Amino acid sequence: MPPGTLVPGGILDISNIPARPQEKPLKRRDILSLGASAAGLAFTGGLARAAQAPNDPWLQAQAIIDRFALPLRFRDEDFPITAFGAKPCELTRAKAWISFVDEVEVDTPKPGATDCYAAIKAAVAACSKAGGGRVLIPAGSWFCAGPVVLLSNVNVHLQAGARLYFSNNPADYARYGDVPCGKNGNLTVSRWEGNDVLNYSPLVYANGQSNIALTGEGWTSVLDGQAGLAFPNGSADSPTDCWWSWKGREQVAQGHAERHVLNSGRTEVHVNPLNPTSLREVAPQLSAEEAAFIQGPGDRWRRDADYLRALGEARVPLAKRVFGQGHFLRPHMVQFINCTDVLFQNYQTTNTPFWQHNPVHCRNVHVKGIFANSMGPNNDGFDPEACDHVLIEDSQFNTGDDCIAIDAGKGPDIQYGPCQNLVIQNCRMQSGHGALTLGSIMSGGIQNVFAQNLVFENSHWKTDPLNVAIRLKCSMNRGGFLRNVHVRNISVPNGIRTTPGWYSSRPGGLIPAKSVSVNAGGIVTIDCGYDAVLDNVRTRPPVVENVHISNVTVGNVATPDGPRSSYQAIVVLGPIASDYNGPASPPPVIRPVTDITISDCDLGTPVNGEQPIYLFNVKGLKLRNVKIGSKVHNETLSATGGKA
């Protein structure tokens, strides 16, 4: 039977996969000596407890929301950065990229502008020493050639009209870190796409702190990473490059652009001659066979992005995962690690080198009223990783990657456990790869996620459309689990991308090339084969179960073929047995996607009217009052997963 064929209940004979054991979280002082371990909307109501049954999962969502009813408290004392020597800067105009394809004139600090790094650091230190308070960045333009590092009981606050311009010189983020690494610089304990690393400091950073906040007075309070501005003359890197050049991207994702961000061949996806020629040079405990398995064929593993993955797979200690200068892993805009009681509120991020926000192993994280507005490559809006109890509300996202992506470590780096107990509500999404995304960096597991009352507005649908509305992605490399996911009351007035983004098939795999549109074009997409062609190690079958989606309304937009909402309405690509390359004995347990319910939805009219639903390795997908085109679906569907 060919892949994707619907059958009345037939499915692979499988059994339960045991949950991956969690490891004890590492404290910051331990981590270097240890190896990395194996805008109010139109919806009404809120959560009415009286109308809900005792077993209603939305009662759990309300309990998460209630944890944030009392605001964080800070001492009532301000520490203006001007009292510590900061001076506003004058601006000039310069050409800069504001997305991968758009270059315009922007404001930037004039050469010789006062560097406020030392003043901000001193203000934070004084504030913390006094028992806490508010570090105040007044209205105006400010230049900072180094990271803003928060300490416990400190609220870094930008007044209305304050714009903090961060230096675009990579050396400034390898200057002040806590870990001296020779020619690579003084580096910072960080996390990059789910793996531990010593790297350039995030532009705003905290580690092991409690009761901290980054706040503003609306979206005129701006953190500007200047990532599309060419590196300054005298930088150690090519002066024609910018932070976004390090992505190494050579083409646009859709259509054609005459001009786009260029690179000089020194990127995260070019082989870096500074990386060893054999993994055993940094992981001597590996046998030759084990090293070859992780490295894969050729030299691709020596590219910085792949090299870090290889170090993670080999369980190389953090102290040996040294990147920074001479390497090309871009820093996050905001990254907090191992922090408790965190508030992000009422400001805008823009022109960020990499992910806009990435709290890692943080507890009690409240996000309210932010505008994650950066269109560069990998400019995810908000990526909570291995966090517990997170509330994201009343915010807007316009991003060059996923608007919100929930993560939980990659490969063996799962010491922080799952990402769990999250509520996302009353937010608005514009451009991005996925509006609401779970994974793919989720080896530690993701569970108990609640999303409600969201508008995936996609106002740029003609030029830069949202790729996927609701996206779950995992793979044989990531493993882990996605479970207990509840989504309701979603409006998608301008549909999503109406052209397909095809699954990249492995040679000889079960899925033919250009047959499954998992990367773009699906309103609800579950992709258990994400990026399989890029992963050498594919030994961890993922588990996806207990996902319930209701009240999703998708509008149509004008296309050459008439009004359309998407390329395909529902795409569920379950785990693909042929992707697995681990031990054959005992045989791997590869479970189908199970217990998925989609109800009371109008998904508009997809372009692919002949096959609006694609299923592979799925058991018991329940459709209840789901309208696609002119047909209302009330059925339970399953699909086989073929054989490896």
> Kirkwood Rh over Cα pairs of region 324-406 into Stokes-Einstein at 4 °C, 1.567 mPa s: D in µm²/s?
Replying inline: 102
> What does the charge count near residue 625 come to, summing +1 for each Lys or Arg and -1 for each Asp or Glu among other residues with Cβ under 15 Å from its Cβ?
Replying inline: +2
> So what are the radius of gyration and Dmax for the Cα set of region 183-250, in Å?
Replying inline: 15.3, 42
> Reported to two decimal places, what Rg/Rh ratio describes region 487-566 when computed on Cα atoms with Rh from the Kirkwood expression?
Replying inline: 1.05
> Under the rule of -39500 (n - 2.57) per DSSP H run of 4 or more residues, summed and divided by the residues of the chain, what mean residue ellipticity at 222 nm is obtained, to the nearest 500 deg cm²/dmol?
Replying inline: -2000 deg cm²/dmol
> Based on the mean of other beta carbon atoms within 10 Å per residue, what is the order of 263-273, 528-538, most packed first?
Replying inline: 528-538, 263-273
> Given 0.36 nm per residue, what is the gain on full extension from residue 315 to residue 531 after removing their alpha carbon distance, in nm?
Replying inline: 75.6 nm
> Taking the Cβ of residue 431 as the center, what net charge do the other residues with Cβ under 14 Å away carry, scoring Lys and Arg +1 and Asp and Glu -1?
Replying inline: -3
>> How charged is the neighbourhood of residue 549? Take every other residue with its Cβ under 15 Å from the Cβ of residue 549, and add Lys/Arg as +1 and Asp/Glu as -1.
In response: +2
>> Bin width 10 Å, origin at 0, all Cα-Cα pairs of the chain: what percent of pairs per bin?
In response: 3, 16, 28, 28, 18, 6, 1, 0
> Viscosity 1.306 mPa s, temperature 10 °C: Stokes-Einstein D of region 263-388 from its Kirkwood Cα radius, in µm² per second?
Replying inline: 96
> Where the centre of each part is set by its Cα atoms, how far does region 66-104 sit from region 357-433, in angstrom?
Replying inline: 20
> Can you give the extra length, in nm with one decimal, that the chain gains between residue 539 and residue 107 once fully stretched, where that is 0.36 nm per residue apart less the Cα-Cα distance?
Replying inline: 150.6 nm
>> Suppose R0 equals 51 Å. What FRET efficiency, 1/(1 + (r/R0)^6) with r the Cβ-Cβ distance, do residue 634 and residue 70 give to the nearest 0.05?
In response: 0.70
> Which whole number in µm²/s is D for region 414-569 by Stokes-Einstein, with the Kirkwood Rh taken over Cα pairs at 20 °C and 1.002 mPa s?
Replying inline: 133
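Sorted by packing (mean other beta-carbon atoms within 10 Å per residue), highest first, where do 195-201, 274-280, 135-141 land?
The packing order, highest mean first, is 195-201, 135-141, 274-280.
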> residue 274 versus residue 584, label points 7 Å from Cα toward the beta carbon: distance in nm?
Replying inline: 4.3
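Every number in this text was worked out from the coordinates using simple rules, so none of it is lab data. Please read all numbers here as calculations on a predicted model, not as lab measurements. A quick note on method: Cβ atoms are made from the backbone with ideal geometry, for glycine too, and the neighbour counts reach across all protein chains shown.
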